[in-house]
Amino acid sequence: VFWLARAQYELQRYKEVLALLDGFEKRYPQDPFETRVARLRAHSFLALNRTEKALTAFSHFHRKYPRSAEASDNLLDWANVLIQEGKKDEAKNILDQIIHTYATSMAAQKARLTLGRLWVEQKTFDQAQRVLVELAVQEDALRDLRASAWFLVARVNEQSDKMEEAEKAYV
């Protein structure tokens, strides 16, 4: 059922995905694909512009599967949708949670960059600087994320009239 639903998703048949997954957990209790089904359902809601349903699905996933392999990615997706919906304070709380709970995950790296961008947007430069520098100096982080963090650090320094520090960040 999951793979058929996944194929329908790839074909952009999102209503069919939701129909296939309806009642999945009751039909297949404790199925190993249960977490993947929950995430596919949330993304199908998003694709159908049913944002509130998607947000509810992300929240439900977090409550039901906080220790799953997909938990950090679910939180990151949830935060990104909240940002798109203008709920940036809620998103910041979730991004902080990713950083602290799943510190070594790829999602934590992305969360740091996203959180840094939000702080820059809100001109909260001290907070932005802190979170961005932590990512920028993290040697095992993806290079493109580290580079983006350095550019934002430089931007923060420029906006704070710290031109020497900005120049160092660009180098």
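Just so you know, all these numbers are worked out from the coordinates, no wet-lab data involved. As the structure is a prediction and not an experimental result, all values here were calculated from the model. Counting neighbours? That spans all protein chains shown, and the Cβs are built from the backbone with ideal geometry, glycine included.
Points to keep in mind about this one:
- For the stretch 112-165, a crude dipole built from +1 on the beta carbon of Lys and Arg and -1 on the beta carbon of Asp and Glu, taken about the Cα centre, is about 180 debye to the nearest 20.
- Multiplying the residue separation of Glu52 and Arg6 by 0.36 nm and removing their Cα-Cα distance gives an extension gain of 14.4 nm.
- Potential lengthening between Asp22 and Thr104 on full extension [0.36 nm per residue; Cα-Cα distance subtracted]: 26.1 nm
- Across the chain, Cα pairs under 8 Å and at least six residues apart give a relative contact order of 11 percent.
- DSSP-assigned coil residues among GluC sites (Glu not before Pro) in the stretch 63-171, each with at most 10 further Cβ atoms within 10 Å: Glu139
- Where Cα atoms sit under 19 Å apart: lysine pairs in the stretch 34-171 separated by 8 or more or lying on different chains: 10
- Label selected from (i) 103, 50, 30; (ii) 48, 34, 32; (iii) 62, 29, 28, the criterion being Cα extents along the principal axes in Å as computed here: (iii)
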